[in-house]
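One structure, as structure tokens, below. Some questions next.
The values are calculated or read from the model by the stated rules, or taken from the named source; none is laboratory data. In this text, all values refer to a predicted model and were calculated from it rather than measured experimentally. Cβ placement follows ideal geometry from the backbone for every residue including glycine, while neighbour counts extend to all protein chains displayed. These accessible areas exclude ligands, DNA and RNA; they are computed on the full protein's heavy atoms, side chains included. Shrake-Rupley method; radii C 1.70, N 1.55, O 1.52, S 1.80 Å.
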Amino acid sequence: MSVVVLLGHPVAHSLSPAMHNAAFRTLGLPHRYETLDVTAEALPGVIDRIRSGELLGANVTVPHKEAVLKLVDTWDGPSAEIGAANTLSRTSDGRRVLGSNTDAVGFAYATRDLELDGARVLLLGAGGAARAVMAVLFERGASITIANRTSERARSLARSLAHPVDREPGVVDWSSRIDLSAVDVIVNATALGLHGEDPLASAELRPELIIVDLIPTATATPLARRARAAGATVVDGLPMLLQQAASSFRIWTGQDAPVEAMRAALYASVN
Ligand code: NDP
């Protein structure tokens, strides 16, 4: 039996074990997926366990997605471009640890029905997930303004990620009263919502707005509930979670993920 771990802090809330263990069972694979609450200092030790073959691989979540990229031996194209990895595996020669990014695929899938060409997007957050979101939004023709609690991190993201020449990302101050009058789409890529917080608690939401809330544990975060009540379009975090998981599963096992079994396990676990 081989074990895949979810590295993060905190990780106890995650719905990923339900999805991946259902997938392993469905395909009759003798593997197990577990959460592992780790500090930044403990990351190199876990990466060694992947390198040695003791672990089959890992997912990476808050707050380690950017840090792991500096610790792995090699990267795939998307993780290098985005500057963050959410999936770790062993290379086919069995000697190195590969960092991959499947968040971008997940976000592209979750937003596939939205018209984003020319959309003015307010991106809340500047961590690993925000980086993947931004790469997809640029590809889809959107313009982006970033707001992050730590403003230097927002500025650094705006500077570091490649963007079309005519669409330099803007940065605005982090505030729950942020001006939404010139915004078409809001993407919440912060951790606010995991514990019932609303990142835009004092902002009025218009029916024409599209809200994409990445929080991967609930279909109805406070922000999503308010947006639906205002008549806005809402995409919750579960379709992205499912799709990034299916892509990660393929990386570890070399097999197509049994997506319907994963979807059933995911929606059975959500509260
Ligand atoms: P990171 O740790 O890299 O980034 C966390 C982000 O949240 C930063 O922008 C951080 O701001 C912000 N943040 C954290 N706490 C607060 C707070 N109290 N107030 C304001 N801002 C806060 O995490 P990720 O980028 O990996 O993940 C971000 C979110 O996206 C998480 O909720 C994660 O679960 C979700 N996610 C969902 C996925 C899905 O499939 N649905 C996939 C990937 C992520 P600062 O820079 O100031 O610390």
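For (1) closer than 30 Å to Asn59 by Cα; (2) under 13 Å from the mean Cα position of the chain (by Cα), each residue gets a yes or a no:
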{"residue": "Leu205", "(1), (2)": "no, no"}
{"residue": "Leu209", "(1), (2)": "no, no"}
{"residue": "Leu214", "(1), (2)": "yes, yes"}
{"residue": "Thr219", "(1), (2)": "yes, no"}
{"residue": "Leu223", "(1), (2)": "yes, no"}
{"residue": "Ala230", "(1), (2)": "no, no"}
{"residue": "Thr233", "(1), (2)": "yes, no"}
{"residue": "Met240", "(1), (2)": "yes, yes"}
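Taking region 190-225 on its own, how many of its residues are open to solvent by 40 Å² or more (accessible area, probe 1.4 Å) and in contact with a Lys or Arg (Cβ under 7 Å, 6 or more places away or on another chain)?
Qualifying residue count, region 190-225: 1.
Please work out if Arg153 is under 18 Å from Val62 (Cα atoms) and open to solvent by 40 Å² or more (accessible area, probe 1.4 Å). Working first, answer last.
On the way: under 18 Å from Val62 (Cα atoms): yes; open to solvent by 40 Å² or more (accessible area, probe 1.4 Å): yes.
For Arg153, the condition - under 18 Å from Val62 (Cα atoms) and open to solvent by 40 Å² or more (accessible area, probe 1.4 Å) - is met.
Next question, about the same structure. For the structure I just gave you, tell me whether Ser89 is within 14 Å of the ligand (Cβ to nearest atom), open to solvent by less than 30 Å² (accessible area, probe 1.4 Å) and over 30 Å from Ser181 (Cβ atoms). Give the steps one after another, and end with the answer.
On the way: within 14 Å of the ligand (Cβ to nearest atom): no; open to solvent by less than 30 Å² (accessible area, probe 1.4 Å): yes; over 30 Å from Ser181 (Cβ atoms): yes.
Taking the combined requirement at face value, the residue does not satisfy it.
Here's another thing I want to ask about it. Restricting attention to region 30-45, does a residue exist that is β-branched (Val, Ile, Thr) and touching a residue at least 40 places away in the same chain (Cβ under 8 Å)? If you could, list the steps in order and put the result at the bottom.
Filtering region 30-45 down to residues β-branched (Val, Ile, Thr) leaves 35, 38-39.
After this cut, where a residue has to be touching a residue at least 40 places away in the same chain (Cβ under 8 Å) as well, the list is none.
No, the conditions are met nowhere in region 30-45.
Starting from residues that are surrounded by 24 or more Cβ atoms within 10 Å (Cβ to Cβ) and not basic (Lys, Arg), keep the ones in region 65-86 and report whichever is farthest from the ligand (Cβ to nearest atom). Break it down into steps so the answer makes sense when it comes.
In the first step, residues of region 65-86 are kept if they are surrounded by 24 or more Cβ atoms within 10 Å (Cβ to Cβ); the result is 65, 68, 79, 82, 84-86.
So of that shortlist, the ones also not basic (Lys, Arg) come out as 68, 79, 82, 84-86.
Working: Val68: 11, Ser79: 13, Ile82: 11, Ala84: 7, Ala85: 10, Asn86: 6 Å.
Only one residue tops the list, namely Ser79.
Next up: Report yes if Val185 is within 29 Å of Pro10 (Cβ to Cβ), under 19 Å from the mean Cα position of the chain (by Cα), of a type in the set (Val, Ile, Thr) and open to solvent by less than 10 Å² (accessible area, probe 1.4 Å), otherwise no. Can you show your working first?
Numbers: within 29 Å of Pro10 (Cβ to Cβ): yes; under 19 Å from the mean Cα position of the chain (by Cα): yes; of a type in the set (Val, Ile, Thr): yes; open to solvent by less than 10 Å² (accessible area, probe 1.4 Å): yes.
Judged against the criteria, Val185 is a match.
While we're on this one: Looking at region 141-172 only, could you name the residues that are charged (D, E, K, R), within 14 Å of the ligand (Cβ to nearest atom) and modelled with pLDDT under 95?
If the condition is that a residue be charged (D, E, K, R), within 14 Å of the ligand (Cβ to nearest atom) and modelled with pLDDT under 95, then no residue fits.
Do you know which residues across region 28-56 are surrounded by 15 or more Cβ atoms within 10 Å (Cβ to Cβ), out of contact with any Lys or Arg (no Cβ under 7 Å at 6 or more places or on another chain) and of a type outside the set (D, E, K, R)?
Matches in region 28-56: Leu29, His31, Tyr33, Thr35, Leu36, Val38, Leu43, Val46, Ile47, Leu56.
Residue by residue, here is whether (1) out of contact with any helix residue (DSSP H, G or I) (no Cβ under 8 Å at 6 or more places or on another chain); (2) more than 25 Å from Thr217 (Cβ to Cβ); (3) not assigned by TED's automatic domain parsing to the domain that holds Ala224 holds:
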| residue | (1), (2), (3) |
| --- | --- |
| Gly128 | no, no, no |
| Glu152 | yes, yes, no |
| Pro164 | no, yes, no |
| Glu168 | no, yes, no |
| Asp184 | yes, yes, no |
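If Trp252 passes every condition in (1) surrounded by 22 or more Cβ atoms within 10 Å (Cβ to Cβ); (2) assigned by TED's automatic domain parsing to the domain that holds Ala85; (3) under 16 Å from the mean Cα position of the chain (by Cα) but one, which one does it miss?
(3)
Something else now. Could you figure out which of (1) assigned by TED's automatic domain parsing to the domain that holds Met262; (2) away from the ligand (no atom under 11 Å from the Cβ) isn't true of Val121?
Every listed condition holds for Val121 apart from (1).
Next question, about the same structure. Which one of these is in contact (Cβ under 8 Å) with a residue 12 or more places away in the chain and either buried (at least 19 other Cβ atoms within 10 Å of the Cβ) or polar (S, T, N, Q) (or both): Val234, Val259? Outline the logic, then answer.
Numbers: Val259 fails: either buried (at least 19 other Cβ atoms within 10 Å of the Cβ) or polar (S, T, N, Q) (or both).
Just a single option satisfies the conditions, and that option is Val234.
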